[in-house]
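The values are calculated or read from the model by the stated rules, or taken from the named source; none is laboratory data. From a predicted model like this one, the values you see are computed outputs, not experimental measurements. Positions of Cβ are generated from backbone atoms using ideal geometry, with glycine treated the same way; all protein chains shown enter the neighbour counts. Heads up: the accessible areas ignore ligands, DNA and RNA and are worked out on the full protein's heavy atoms, side chains in. Shrake-Rupley method; radii C 1.70, N 1.55, O 1.52, S 1.80 Å.
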Amino acid sequence: MTARPATTTAPVGALNPTRTTATATRVLRQLRHDPRTIALLLLIPCLMLVLLRYVFDGSPHTFDNIGASLLGIFPLITMFLVTSIATLRERTSGTLERLLAMPLGKADLIAGYALAFGILAIIQSALTTGLAVWFLGLDVTGSPWLLLLVALLDALLGTALGLFVSAFAASEFQAVQFMPAVIFPQLLLCGLFTPRSQMHPALEAVSDVLPMSYAVDGMNEVLHHTDMTATFVRDVLIVAGCALLVLTLGAATLRRRTA
């Protein structure tokens, strides 16, 4: 009778800080050798804000209203794109399968990616917020640090959404195709173009369950109030809760390879 080789499988729900940190370090090391991705994450949002500022050069008030909202939207979109493509690349190249064959749980892998891209999200959010407030003259009634907090949470939400949708894509092209399905409806219904209260009741009800709506609401609270309001706290908690929920779903739906 031949004994079967032992297979080590880490529990899905187990989270090991050492393995999580090692995963994050590996992802950051790979990104360091990818200047195009770094440019997309750090420079493109800044360039878009500069472009927007001078598009509304004759109407600074319009830039104040739209610029604050876009501080939350740009990080979400860029982190969604980069994370979904990077994770899918890991799967299609076979790296993900080799990693999960080791004593590395799905939660470790997802948390490691979230940590790595979270570090980049901090840098990205700090750059865009500092640029908008101190160099482009964005007039904010509240604290710029609260703007930075919302921008960071939005970037983490984009990371979580990217990790989640990558499980359902078979190629990088398909990953990009998820953007119209996941991001564009939120962009149209978040209140950027018109107040949500003025939308059709059915669309307003849909917008009430989309996390980007609360990201924009949180930015607008900082824009118009000197102190931290109860509405701002609610918006921040909802965005953070959605990010955590989507990360959990991402760990649950993570597959070793794409069929």
Thr194 being of a type in the set (Ser, Thr, Tyr) and either in a loop (DSSP other than H, G, I, E, B) or open to solvent by 10 Å² or more (accessible area, probe 1.4 Å) (or both): yes
Filtered residue count, the range 122-170, keeping only those that are open to solvent by less than 40 Å² (accessible area, probe 1.4 Å), in a loop (DSSP other than H, G, I, E, B) and under 26 Å from Ile110 (Cα atoms): 1
Gly118, sole failed condition from (1) small (Gly, Ala, Ser); (2) surrounded by fewer than 22 Cβ atoms within 10 Å (Cβ to Cβ); (3) at pLDDT 85 or above; (4) part of a helix (DSSP H, G or I): (3)
Residues (open to solvent by 50 Å² or more (accessible area, probe 1.4 Å), under 16 Å from Glu90 (Cα atoms) and either among the polar types (S, T, N, Q) or outside any helix (DSSP H, G or I) (or both)) located in the range 16-38: Thr25, Gln30, His33
Total residues in the range 72-105, condition modelled with pLDDT under 70 and either within 20 Å of Thr18 (Cβ to Cβ) or surrounded by 22 or more Cβ atoms within 10 Å (Cβ to Cβ) (or both): 10
First in the range 220-232 and open to solvent by less than 90 Å² (accessible area, probe 1.4 Å), second anywhere and polar (S, T, N, Q) and in a loop (DSSP other than H, G, I, E, B), Cβ under 8 Å, 6 or more apart: Glu221/Thr229; Val222/Thr141; Val222/Ser143; Leu223/Thr141; His225/Thr141
